[in-house]
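K.L.:
If you scroll down you'll find the structure; I have some questions about it.
FYI, it's all coordinate maths here, none of it is from the lab. This structure is a prediction, so every number in the text was calculated from the model and none was measured. Here the Cβ positions follow ideal geometry from the backbone for every residue, glycine too, while neighbour counts run over all protein chains shown.
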Amino acid sequence: MGEEISNKQILLKDYVNGFPKESDMELKISSMKLKVPEDSNTVLVKNLYLSCDPYMRPRMKKTEGSYTDSFIPGSPIVGFGVAKVVHSAHPKFKKDELVWGITGWEEYSVIKAPETLFKIHNTDVPLSYYTGILGMPGITAYGGFYELCSPKKGETVYVSAASGAVGQLVGQFAKLVGCYVVGSAGSKEKVELLKNKFGFDEAFNYKEEQDLSAALKRYFPDGIDIYFENVGGKMLDAVLLNMRIHGRIAVCGMISQYNLEQNEGVHNLFCLISKRLRMQGFLAVDYFPLYKKFVEMVTPHIKEGKVKYVEDIAEGIESAPGALVGLFSGRNVGKQVVLVARE
């Protein structure tokens with residue numbers, strides 16, 4: 001029947017309004033068997049790393065018609081993670097294989113749709129990278145920048161929330177193409193990181209700017225060709241005024257809006273017409289079919305040190321609520337990861 005073990009889980013207590021708090025989640029200890037039924041086509045995994053991502057905030061409230069379902073109050077939070085197969089009733093997965101994909105915020109999870117998981121073949125990079133540069137944020141940066149924006153050498157690129165899991169990669173990809181890149185972040189430490197670690201040409205602290213449009217004009221006197229949008233709201237309004245004709249805007253996220261009861265409006269949309277701009281939203285899953293191509297492109301750059309990655313790792317599943325909440329006050333520096341267990 002399989003050994004019975006205790007399983008620490010992080011549950012969402014109830015739907016959340018406004019800024020999330022650690023107390024909106026709770027730690028529960030349940031018991032489970034270390035085996036799945038042989039005819040279930042499921043996989044039991046031991047979670048090693050959990051990913052904290054901004055898209056999880058809208059899932060903490062009751063929403064309908066969204067691209068992803070709301071979390072279920074009283075149930076474990078779910079998100080991307082790295083795990084090790086403990087027991088498999090699925091023909092494509094074997095015990096001890098490493099995987100990344102959607103899993104539960106718990107020590108052990110039963111994956112009911114294992115075909116959505118990606119197998120990890122390359123283990124000479126940190127396993128935590130599969131929550132970031134080699135996981136969902138990586139394919140997000142790759143698809144949104146290369147596939148959607150079609151960058152050309154010499155173009156000007158602006159990245160908001162540039163020190164986060166996706167932004168830090170977009171800036172480095174832009175430099176690989178030969179673009180001029182500016183990023184914004186919310187602290188002096190992050191601005192220094194953008195310039196000194198990730199190789200951005202310039203960076204600024206948006207919290208110190210009274211006039212965002214004037215700040216962008218300062219760094220882009222001739223305008224912006226590509227804007228990688230992670231923030232929304234007032235930032236998007238300022239960018240629209242500073243875009244060049246035929247510019248491209250990849251809409252990845254709008255973190256400034258996630259905790260608002262009423263979303264802010266955008267006032268400068270006429271620029272889409274007058275500047276003949278292309279602004280398009282996208283999801284990481286749109287580019288999952290390109291994952292193999294992406295890994296083949298980025299892995300040599302990682303090994304050669306041409307693409308760097310910064311992580312902020314919180315230890316223990318008990319630290320997961322604080323790590324997730326910290327995203328929305330900018331507490332993390334780099335990709336926020338929770339270490340649940342070492343192999």
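K.L.:
Can you list the lysines whose alpha carbon sits under 16 Å from that of Lys35, skipping same-chain ones fewer than 8 residues off?
P.N.:
Here the lysines satisfying the reach criterion relative to Lys35 are Lys46, Lys84, Lys94, Lys95, Lys112.
K.L.:
Rounded, prolate or oblate, given the Cα gyration tensor of the range 164-319, with a/c below 1.5 counting as rounded?
P.N.:
Rounded, since a/c falls under 1.5.
K.L.:
In the range 108-223, with Lys and Arg counted as +1 and Asp and Glu as -1 at Cβ, which of these residues, Ala215, Thr116, Thr131, has the Cα nearest the positive end of the dipole, that is, farthest along it?
P.N.:
Comparing the listed Cα positions along the dipole, Thr116 ranks first.
K.L.:
With the cut-off at 1.5 for a/c, could you classify the range 30-138 from its C-alpha gyration tensor as rounded, prolate or oblate?
P.N.:
Judged from the Cα gyration tensor, the range 30-138 comes out oblate (a/c at least 1.5, b/c at or above a/b).
K.L.:
Using θ = phi - 60° and the Karplus form 6.51 cos²θ - 1.76 cosθ + 1.60, what ³J(HN,Hα) does each residue of the range 28-37 get, whole Hz, x for Gly and Pro?
P.N.:
10, 10, 10, 10, 7, 8, 7, 7, 10, x
K.L.:
What distance in nm separates the simple spin-label points at Asn263 and Lys119, each placed 7 Å from Cα in the Cβ direction?
P.N.:
Taking the two extended label points, one gets 4.0 nm.
K.L.:
Compute the FRET efficiency between Lys197 and Arg331 as 1/(1 + (r/R0)^6), taking r as their Cβ-Cβ distance and R0 = 25 Å, and round to the nearest 0.05.
P.N.:
Step by step, r from the Cβ atoms, then E = 0.85.
K.L.:
Have a look at Tyr67, Tyr55, Tyr219 and tell me which one the Gaussian network model of the chain (Cα, springs below 10 Å) gives the largest fluctuation.
P.N.:
Tyr67
K.L.:
Another one. Report the rotationally averaged projected area of the range 148-243 based on its alpha-carbon convex hull, in square nanometres.
P.N.:
Working: hull surface 21.7 nm².
Orientation-averaged projected area of the Cα hull: 5.4 nm².
K.L.:
Could you give the dipole magnitude of the range 208-343 about its Cα centre, charging the beta-carbon of Lys and Arg +1 and that of Asp and Glu -1, in debye to the nearest 20?
P.N.:
For this selection, approximately 640 debye.
K.L.:
Under a 5 Å amide H to amide H cut-off, with H placed in plane at 1.01 Å, what residues pair with Ile249 once short-range neighbours are removed?
P.N.:
Residues meeting the amide H criterion: Tyr227, Arg278, Met279, Gln280.
K.L.:
Taking a ≥ b ≥ c as the square roots of the Cα gyration tensor eigenvalues, with a/c under 1.5 meaning rounded and otherwise prolate when a/b beats b/c, else oblate, which class fits the range 271-343?
P.N.:
Taking the square roots of the gyration eigenvalues as a ≥ b ≥ c, the range 271-343 is oblate.
K.L.:
A further question follows. For the range 1-94, give the magnitude of the charge dipole about the Cα centre (Cβ charges: +1 Lys/Arg, -1 Asp/Glu; no others), in debye to the nearest 20.
P.N.:
Working: 14 positive and 11 negative charges, 42 e Å.
Dipole of the range 1-94, to the nearest 20 debye: 200 debye.
K.L.:
Now for a separate question. When Lys and Arg each count +1 and Asp and Glu each count -1, what net charge do the other residues less than 11 Å away from Gln257, Cβ to Cβ, add up to?
P.N.:
Neighbourhood net charge equals 0.
K.L.:
I would also like to ask the following. May I ask for the distance between the Cα centers of the range 255-283 and the range 13-67, given as a whole number of Å?
P.N.:
Comparing the Cα centres of the range 255-283 and the range 13-67, I get a distance of 29 Å.
K.L.:
For Val310, enumerate residues with amide H under 5 Å from its amide H, sequence gap 5+ or separate chain, H modeled in the peptide plane.
P.N.:
Under 5 Å from the amide H of Val310 lie the amide H atoms of Lys335, each far enough along the sequence or on another chain.
K.L.:
If you don't mind, another one. Between the range 165-222 and the range 106-143, what is the C-alpha centre distance in whole Å?
P.N.:
Cα centroid of the range 165-222 versus Cα centroid of the range 106-143: 27 Å apart.
K.L.:
Give, rounded to the nearest 20 debye, the magnitude of the charge dipole that the range 270-343 has about its Cα centre when Lys and Arg contribute +1 at Cβ and Asp and Glu contribute -1 at Cβ. Please report the intermediate quantities before stating the final value.
P.N.:
Numbers: 11 positive and 8 negative charges, 122 e Å.
Value, rounded to 20: 580 debye.
K.L.:
Tabulate in residue order the Karplus-calculated ³J(HN,Hα) for the range 272-285, using 6.51 cos²θ - 1.76 cosθ + 1.60 with θ = phi - 60°, rounded to whole Hz; enter x for Gly and Pro.
P.N.:
Each residue of the range 272-285 in turn: 4, 7, 5, 9, 6, 7, 10, 10, 9, x, 7, 10, 4, 4 Hz.
K.L.:
Kindly write out, for the range 308-321 in residue order, the coupling ³J(HN,Hα) from the Karplus curve 6.51 cos²θ - 1.76 cosθ + 1.60 (θ = phi - 60°), rounded to whole Hz, with x marking Gly and Pro.
P.N.:
Each residue's phi maps through the Karplus curve to give 10, 9, 10, 10, 10, 9, 9, 9, x, 5, 4, 7, 4, x Hz.
K.L.:
Let me ask something else. List every residue whose amide H lies under 5 Å from the amide H of Glu107, counting only residues 5 or more places away in sequence or on a different chain, with H placed 1.01 Å from N in the peptide plane.
P.N.:
Distant-sequence amide H within range of Glu107: Lys8.
K.L.:
While we're here: Test of understanding: express the Cα radius of gyration of the chain as a ratio to 2.2 N^0.38 Å, with N the residue count. All intermediate terms of the calculation are to be shown ahead of the outcome.
P.N.:
On the way: Rg = 20.5 Å, N = 343, 2.2 N^0.38 = 20.2 Å.
My calculation over the Cα atoms of the chain gives 1.01.
K.L.:
Give the residue list of GluC sites (Glu not before Pro) in the range 1-99 that are DSSP loop and have at most 10 other beta-carbon atoms within 10 angstrom. Could the numbers behind the result be given before it?
P.N.:
Values: sites: Glu3, Glu4, Glu22, Glu26, Glu38, Glu64, Glu97; in loops: Glu3, Glu38, Glu64, Glu97.
Answer in residue order: Glu3, Glu38, Glu64.
K.L.:
Determine the principal axes of the Cα atoms in the range 124-195, then give the extent along each, sorted from largest to smallest and rounded to whole angstroms.
P.N.:
If we take the Cα atoms of the range 124-195, the spans are 34, 31, 19 Å.
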